[in-house]
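Trainee: Quick one: the structure is below, questions incoming.
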Amino acid sequence: MNCTFVEEALKANVTRRQHQQAFIARGLASSALAKQNQESYSAEAVLAELQSVLNQ
């Protein structure tokens, strides 16, 4: 029983790390594309836009 618990915990940890790695890779790719295109938005502008959507 302990073996199964440890195995499942290890598998879950590997999966979580894979998801984190993919998330970071997507963020870095997005950042590189934004720099390449010289297109970026401030956090304040994004939050204001989201708030306007919520207000509708």
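Trainee: Over the Cα atoms of the chain, what radius of gyration and what Dmax do you get, in Å?
Mentor: Radius of gyration, then largest Cα-Cα span, for the chain: 19.2, 55 Å.
Trainee: Counting Lys and Arg as +1 and Asp and Glu as -1, each charge on the Cβ, what is the dipole of the chain about the Cα centre in debye, to the nearest 20?
Mentor: Numbers: 5 positive and 5 negative charges, 47 e Å.
Its charge dipole is roughly 220 debye.
Trainee: Further, regarding this structure: Using a cut-off of 15 Å between beta-carbons, work out the net charge of the residues near Q18 (Lys and Arg +1, Asp and Glu -1, Q18 not included).
Mentor: Numbers: positive: K11, R16, R17, R26; negative: none.
So the surrounding residues net to +4.
Trainee: In deg cm²/dmol, rounded to 500, what helix-only [θ] at 222 nm does the chain give when every DSSP H run of at least 4 residues adds -39500 (n - 2.57) and the total is split over its residues?
Mentor: Numbers: 2 runs with 49 residues, N = 56.
Dividing the helical sum by the residues of the chain leaves -31000 deg cm²/dmol.
Trainee: Measure off 7 Å from each Cα along the Cα-to-Cβ vector at E8 and L28, then give the distance between these two points in nanometres to one decimal.
Mentor: Placing both labels 7 Å beyond Cα along the Cβ direction yields 3.4 nm.
Trainee: May I ask for the angle, rounded to the nearest 10°, between helix 43-55 and the longest principal axis of the chain, with both axes built from Cα atoms and the value confined to 0 to 90°?
Mentor: In the chain, helix 43-55 runs at an angle near 90 degrees to the longest axis.
Trainee: Still on this structure, please answer the following. Would you please name the chymotrypsin sites (Phe, Trp or Tyr not before Pro) within the chain that are DSSP coil residues with at most 14 other C-beta atoms within 10 Å of their C-beta?
Mentor: Details: sites: F5, F23, Y41; in loops: Y41.
Filter output for the chain: Y41.
Every read-out reported here was derived from the displayed coordinates using simple, explicitly stated rules and does not represent laboratory data. Bear in mind that the values here come from a model prediction, so they are computed numbers and not experimental data. Here the Cβ is made from the backbone with ideal geometry for all residues, glycine too, and neighbour counts use every protein chain on show.
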